[in-house]
1. Tally up the residues in region 122-145 that are outside any strand (DSSP E or B) and either over 15 Å from Ala18 (Cβ atoms) or among the basic types (Lys, Arg) (or both), please.
2. Anything in region 399-436 that is open to solvent by 70 Å² or more (accessible area, probe 1.4 Å), over 19 Å from Asp447 (Cβ atoms) and without any contact (Cβ under 8 Å) to a residue 60 or more places away in the chain? List them, or say none.
3. Give the residues of region 314-334 that are more than 22 Å from Leu450 (Cβ to Cβ) and out of contact with any Leu (no Cβ under 7 Å at 6 or more places or on another chain), sorted by residue number.
4. Counting residues that are aliphatic (A, V, I, L, M) and in contact with a Pro (Cβ under 9 Å, 6 or more places away or on another chain), which strands (runs of 3 or more DSSP E) fully inside region 249-356 reach at least 1?
5. Restrict the check to region 78-90 and report whether at least one residue is of a type outside the set (Val, Ile, Thr) and in a loop (DSSP other than H, G, I, E, B).
6. Anything in region 44-67 that is modelled with pLDDT of 95 or more, surrounded by fewer than 19 Cβ atoms within 10 Å (Cβ to Cβ) and either within 23 Å of the chain's Cα centre (by Cα) or acidic (Asp, Glu) (or both)? List them, or say none.
7. If the Cβ limit is 8 Å and pairs must be 6+ apart or interchain, which residue in region 94-120 that is without any contact (Cβ under 8 Å) to a residue 60 or more places away in the chain pairs with which residue that is of a type in the set (Asp, Glu) and surrounded by fewer than 20 Cβ atoms within 10 Å (Cβ to Cβ)?
8. Just a yes or no: is a residue in region 375-388 under 31 Å from the mean Cα position of the chain (by Cα) and under 23 Å from Glu263 (Cβ atoms)?
Amino acid sequence: MKLGGSILRGREDLDKIADVAEAELDSETVPVCVVSAMRGVTDRIIQALSQVRMEGFDPHVFTETLMGEHLASLPSGTDAEPLRREFEKLEHVLSYVRSSGELGDSVYAYTVSRGENFAIRLISAQLEARGMRSKCFYGEDLLVTDENNREAAVNLERTKLRVEEQLAPCIAEGVVPIIAGFAGRSGSGLITIFGRGGTDDTAACLAYCLGVKRLIKFVDEGGIMSMDPKFYAELEKPEVKERIGSTPKPSLIPYLSYVEASELLREERTKVVHFKVLDPLMRGGIRLQLKSIGALGEGTIIGPENGGAGSGHPKAVSFQRNLFGVRVLPTQSVLPTEVFAELFGALSSAGVDVRYISTSGYQISLLVQKQDVELAIRALRGLPSIMEVNPIEGKKGTVSVIGSEMRGVKGFFSRLTGALACQGVNIEQAMQPNSENIIRFSVADDDIPLAVAAVYKEFFGE
């Protein structure tokens, strides 16, 4: 079970977690709990690091304030000493940074991952108060990573050895392991963190190493929706509603294959889980369940391909906004493989995040974020295989239609383009991989609300 900050706000949430753990133990299953920091705590620690060397910042005052908030969530009569010791570590490292002025990547990783260690003490205390045995583990004592302190990758096979040595005996005794997410330790012994979605990463990697077949992440949203619910208000604006009429409200997606989930999560409209967790899930054949804690229903399950092709009804519509284009004209004197090798090598070296690409016999078009346009142009100009590189005028966006049910359905693409044509939306580029799990097209950024509304109503208004 992955327990995130969105459901860790105070004593009431901790009580719900204890209810779930108790129900699992009653059914003779030992839950393995992987824990994020309480809501907002990591952001506050990051802010403290940015201010720690400023005049007037007091590490002791900051730490005492944060500790007081956590102590308020401890069950009555609980020994607070384990939690206090965790806060002493935070105060110590903040005082060190203040006095030394040093903030290397490893010190940063250690500091910002302390919030998870506070949270495991709270959950352990809650379970113990209810008569359940538990044991706390630090993520850095279990997960072996590479040497990238801020965006670490887990070595699954070396981690598996530690898990078998430390976690397996705990589970065999019926003791609930409570594990701090987000952090690992490199082969050289330095603390590392996993970047965005880091505790999801911890949970997925540990699920793989334990050989379990189900990972549950409890989320406020209840699962993954067919369209970003926060964007729905855009479709209700008069200028869109007058053209389209009422648009169906987003609905919960019951099941996504790993491939469908990858396409949808990489759009970054869906924040409930990060796409990087898919690798250990796929390797281990693990189903990821996203649901609200204490709620009825299964939520959304991500797992292996389960058929269902041919219904013609996609599962989701997603989009990206605020993108900008770069058009590349390659030379005709070398093979396309040489062009692509040189082009993508240069973009990778420059750190350009390519969000969309389309190719033809004579040109390659890229969509990137605004800050990457000049980076891309500088990286590509002067390459032997590139004749010309120019920015594309205007702000762009992409709309994606996702779902394996589109596969092999005759006329689906015509129906899609027809819905857009009826609203006067111009498709500038389009692509559909051979898997037929996604159709993605680019339009002018201003047309995104109209395009999303038209597509969503066409396929979800039935």
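The values are calculated or read from the model by the stated rules, or taken from the named source; none is laboratory data. Predicted model only: the values in this text are computed from it and were never measured. Virtual Cβ from ideal backbone geometry, glycine too; neighbours counted across all protein chains shown. All accessible areas refer to the heavy atoms of the entire protein, side chains included, with ligands and DNA or RNA removed. Shrake-Rupley method; radii C 1.70, N 1.55, O 1.52, S 1.80 Å.
1. 8
2. Those that are open to solvent by 70 Å² or more (accessible area, probe 1.4 Å), over 19 Å from Asp447 (Cβ atoms) and without any contact (Cβ under 8 Å) to a residue 60 or more places away in the chain: Lys410, Ser414, Gln432, Asn434.
3. The initial filter retains those residues of region 314-334 that are more than 22 Å from Leu450 (Cβ to Cβ), namely 326-334.
The answer is Arg327, Leu329, Pro330, Thr331, Gln332, Ser333, Val334.
4. Details: elements: 255-257, 287-291, 300-303, 316-330.
Per the criteria, 300-303, 316-330.
5. Within region 78-90 (the criterion being of a type outside the set (Val, Ile, Thr) and in a loop (DSSP other than H, G, I, E, B)), the answer is yes, since at least one residue qualifies.
6. Arg44, Ile46, Gln47, Asp58, Glu64
7. These pairs meet every condition: Tyr96/Glu102.
8. Step one: filter region 375-388 for residues under 31 Å from the mean Cα position of the chain (by Cα), giving 375-380.
Of the ones still in play, those that are also under 23 Å from Glu263 (Cβ atoms) are none.
No, that holds for no residue.
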